[in-house]
Amino acid sequence: MAIDYADRIPNNVGLSDNRRLQRALESWQPKFHDWWLEMGPEGFQANEIYLRTAVSVDVDGWAHFDYLKMPEYRWGIFLAEPEAGRTVNFGQHKGEAAWQEVPGEYRGMLRRIIVTQGDTEPASVEQQRQLGWTCPSLYDLRNLFQVNVEEGRHLWAMVYLLDAHFGRDGREEAEALLMRRSGDRDRPRILGAFNEETPDWLSFYMFTYFTDRDGRFQLASLAESGFDPLSRTCRFMLTEEAHHMFVGETGIGRVVRRSCELMNGHDTDDLRACGGIDLALLQKYINFHFSVSLDLFGGELSTNAANYFTSGLKGRFRETQIDDDHVLSNDTYRVIEPDGGEFVGADAPALTSLNERLRDAYIADCQRGVDRWNKVIAQQGIDFELRLPHRAFHRAIGLFAGMHVSPDGQTVPEAEWAERAGDWLPNDDDRTYVSSLMEPVTRPGSMANWIAAPARGINGRPVEFEYVRL
Ligand code: BYC
Ligand code: FE
Ligand code: FE
């Protein structure tokens, strides 16, 4: 199914054959553009940027790269190819043909999942809207805008589902997605992490490493859905998502590399005098972004999660590769729970522990990047190890919410927490320092002092390519 770029809304869903849906989306399109100009990247809207656009949904060769002004990006609707004979692969409907329409009894639940997913996409663009002014290089500036336009496309992906399958309520939800604002007191975004600020580029790399990775795991679970349009939508979103996490992992990796160079060059681990980001400061940012991203998985024990699974709406990570009955009504899963001041593993019903199970897979995946960063540190002969904090550290959702736990997993009295929080999380002084480093570097190929150059450029172009024409 080729993508039709002749349509006002590029798509591979045969939009021109569905007048009602086409009208609904065409009336939403100008509102999206207004939102983009008001809440999307500040500045740079008239600059040409070397962006990729999806031209097909083939696994190989779906992207086309060229200079484009952001408002002219062709946001569209792209679903992965249908799988012939696909079935519901888990829950009480296991074995039935996958649904092409929303099952009436699950309408509310499904709408809620789609709205929650959709809400995160514009939220992240809002969070990142100021960053263009302080880019560490043109290469990074281009990557920021690539992520931003694709998060905008992910919003389109969810709005398509709402408009195509949820009638009038769907249209209302689609409008509401453009009305909430990240961090707004009266109409905030739905999930916690999406109301935090992304004030500097270190936060941006952390966000794309830790928070976009939650996106990867949630999208992978929704790609298992028995509701086939959701599954196909998420499968294609995952191909775009890979780049977002690449930006995060390599971004942090480049900071690590540069910090090590500065430490060795100046023979000190306090890098403030030479304008670098010391590893201890990096650790605090990791502590913050990892913990707020853990909250995005919801409670350890959740009847919502059990219902989503049993109904066939949201599966596990790589559901079909798991060797069990995919119904789970008699199974247990080991969940770490607080017990007095300690943390103990306890067997909980597998169905209610599905959020925790997904979080476990996420934590293991986060650890892989940390290991790679630690290799860089070791190669530079520096005795320091970055770590993921304990899962109970700094949590606001679930069993650990409100507890006072150190990054290494010791419960501490409230007074000690209050005293030490600034050693464990970025404090005002740290944030002021990081923000003082955020001076724009816009000469092609040049890098800010606090970050190393990337190993290679985008799409085979050199690092010194003019990724953004200023
Ligand atoms: N903040 O049963 P529980 C991405 C609420 S990121 C605020 O434990 P459940 C992206 C919850 O709604 C991926 N509230 O949790 C990344 C519930 O409310 P009610 C986004 C929260 O429902 C970067 C109550 O607490 N996609 O794509 O099993 C850039 C009890 O909740 C939070 C999805 O999230 C929170 N952190 O699981 C751009 C997928 N956590 O019922 C994009 C869709 C929980 O008491 N969403 N609550 O009113 C879901 O599957 C589920 O909603 C969640 C929560 C996994 C988020
Ligand atoms: Fe996204
Ligand atoms: Fe993303």
Study note, to complete from the structure: Most exposed to least, judged by fewest other Cβ atoms within 10 Å, 451, 336 sort to 336, 451
Check your understanding: With contacts defined as alpha carbon pairs under 8 Å and 6 or more residues apart, what's the relative contact order of region 24-469 in percent?
Key -> 20 percent
Review point. Counting alpha carbon pairs within less than 8 Å and at least 6 residues apart, what relative contact order, in whole percent, applies to region 339-405?
Key: 15 percent
Practice item. Could you give log10 I(q)/I(0) at q = 0.05, 0.07, 0.14 Å⁻¹ for region 24-469, computed by the Debye formula over C-alpha point scatterers of equal weight, without solvent? Key: -0.18, -0.36, -1.42
Check your understanding: What share of all Cα pairs of region 101-195, in percent, falls into each consecutive 5 Å distance bin?
Key -> 3, 14, 22, 20, 16, 12, 7, 4, 2, 1, 0
**Study point:** Difference of contour (0.36 nm per residue) and Cα-Cα distance, residue 385 to residue 267
**Key:** 40.7 nm
Point to revise | Residue among 63, 29, 6 farthest towards the positive dipole end of the chain, charges placed on Cβ | key: 6
Practice item. Please report the relative contact order for region 365-470, taking Cα pairs under 8 Å with a sequence separation of at least 6, and give it as a percent rounded to a whole number. Key: 12 percent
Practice item. Please turn the phi angles of region 35-45 into ³J(HN,Hα) values with the Karplus equation 6.51 cos²θ - 1.76 cosθ + 1.60 (θ = phi - 60°), one per residue in order, whole Hz, x for glycine and proline. Key: 4, 4, 6, 7, 10, x, x, 7, x, 6, 6
Point to revise | Estimated 222 nm signal from helices in the chain, with DSSP H stretches of n ≥ 4 weighted -39500 (n - 2.57), rounded to 500 | key: -15000 deg cm²/dmol
Practice item. Using label points projected 7 Å from each Cα along Cα→Cβ, tell me how many nm separate residue 26 and residue 342, to one decimal. Key: 6.7 nm
Point to revise | For region 173-257: rounded, prolate or oblate by the Cα gyration tensor [a/c cutoff 1.5] | key: oblate
Revision key, fill the gap. Two pseudo-spin positions, 7 Å from Cα along C-beta at residue 246 and at residue 325, lie apart in nanometres by 4.3 nm
Exercise for review: Measure of size requested: the Rg and Dmax of region 121-263, with Cα atoms as the atom set and Å as the unit; please supply both.
Suggested key: 16.4, 59
Practice item. Starting at the first residue of region 409-423, write each ³J(HN,Hα) from the Karplus equation 6.51 cos²θ - 1.76 cosθ + 1.60 with θ = phi - 60°, in whole Hz, x for Gly and Pro. Key: x, 9, 6, 10, x, 4, 4, 5, 4, 4, 6, 9, 3, x, 8
Exercise for review: Output the direction-averaged projected area (hull surface divided by four) of the convex hull of the alpha-carbon atoms of region 356-438, in nm².
Suggested key: 7.3 nm²
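Quick check of the Kirkwood formula: for region 26-182, what is the inverse mean of 1/r over all pairs of different Cα atoms, in Å?
17.3 Å
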Review point. Could you give the dipole magnitude of the chain about its Cα centre, charging the beta-carbon of Lys and Arg +1 and that of Asp and Glu -1, in debye to the nearest 20?
Key: 1100 debye
Check your understanding: Once the Cα atoms of region 88-134 are picked out, what are the Rg and Dmax in Å?
Key -> 17.3, 52
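No value in this document is a laboratory result; all are computed from the given coordinates. Quick caveat, the model's predicted, so the values are computed rather than measured. Every residue, glycine as well, gets a Cβ built from its backbone with ideal geometry; the counts of neighbours run over all protein chains shown.
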